[in-house]
Amino acid sequence: MHPNILRLKPACERYGFPLMIEPLVFRPSDQAGGYQVDGDLDKILPLVRQAVELGADVIKADPTDDPNVYHKVIQTARVPVLVRGGGKANDLEVLHRSEQLIAQGASGLVYGRNIIQHPNPSGMTKALMAIVHENAKANEAAKRYLAA
């Protein structure tokens with residue numbers, strides 16, 4: 001990873017592109033069945049610190065198991081942090097977690113399956129956008145955009 005980032009950073013600077021690094025922590029396959037996020041803060045923080053030291057302008061990091069400690073990821077990064085979506089979860093869980101993460105200083109959300117696989121992708125996107133851009137509470141966002 002290091003040599004690739006060290007080669008890429010000067011090119012990003014030359015062309016005016018921000019360098020986004022996505023430091024990932026995965027649970028062992030025998031525990032989680034493959035591509036599963038490990039939200040252990042003690043594993044995430046050193047990788048975020050390393051990414052910043054290598055020149056990241058933006059960090060795309062996993063959510064922590066306890067959303068209430070995510071501010072430590074933000075403090076460690078010292079650059080904008082975008083939160084990865086994590087595993088598939090029910091609507092209110094996703095919205096509540098997102099509300100907590102944004103309240104602690106995350107700059108945005110980068111979610112996949114919790115939007116793409118949602119029965120109402122547009123509604124879920126609008127609900128998340130309300131949390132990010134309007135500081136909406138999770139329950140309010142859900143009522144506005146996910147009502148059947």
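Calculated mean residue ellipticity, 222 nm, the chain: -15000 deg cm²/dmol, from DSSP H runs (n ≥ 4) at -39500 (n - 2.57) each, averaged per residue and rounded to 500.
Surface composition of the chain: carbon plus sulfur atoms contribute 53% of the solvent-accessible area (1.4 Å probe, protein chains only, all chains present). Relative to the current alpha-carbon distance between E13 and R84, full extension at 0.36 nm per residue lengthens the span by 23.1 nm.
Distance between the modelled labels on D38 and D65, one decimal in nanometres: 1.1 nm (7 Å Cα→Cβ projection). With the simple spin-label model, which puts each label point 7 Å out from Cα in the Cβ direction, the E53 to S107 separation comes to 2.1 nm.
The alpha carbon centroids of the stretch 105-148 and the stretch 73-103 are separated by 12 Å.
Given R₀ = 35 Å, what would the calculated FRET efficiency be for H2 paired with M129, taking r from the Cβ atoms and rounding to 0.05? It would help to have the intermediate numbers written out before the result.
Working: r = 36 Å, r/R0 = 1.01.
The computed FRET efficiency comes out at 0.50.
FRET efficiency for A147 and Q75, Cβ-Cβ distance as r, R0 = 41 Å, nearest 0.05? With a Förster radius of 41 Å, E is 0.65.
Restricting attention to the chain, the count of lysine pairs at 8 or more positions apart or across chains with alpha carbons under 15 Å apart stands at 5. For the stretch 77-139, the per residue solvent-accessible surface stands at 48 Å², with DNA, RNA and ligands left out and a 1.4 Å probe.
The values are calculated or read from the model by the stated rules, or taken from the named source; none is laboratory data. What you are looking at is a predicted structure, and each value in this text was computed from that prediction instead of being measured. Don't worry about glycine lacking a Cβ; one is built from the backbone with ideal geometry, like all the others, and counts go over all protein chains shown. Ligands, DNA and RNA are stripped out before the accessible areas are found, and what is left, the full protein with its side chains, is counted by its heavy atoms. Shrake-Rupley method; radii C 1.70, N 1.55, O 1.52, S 1.80 Å.
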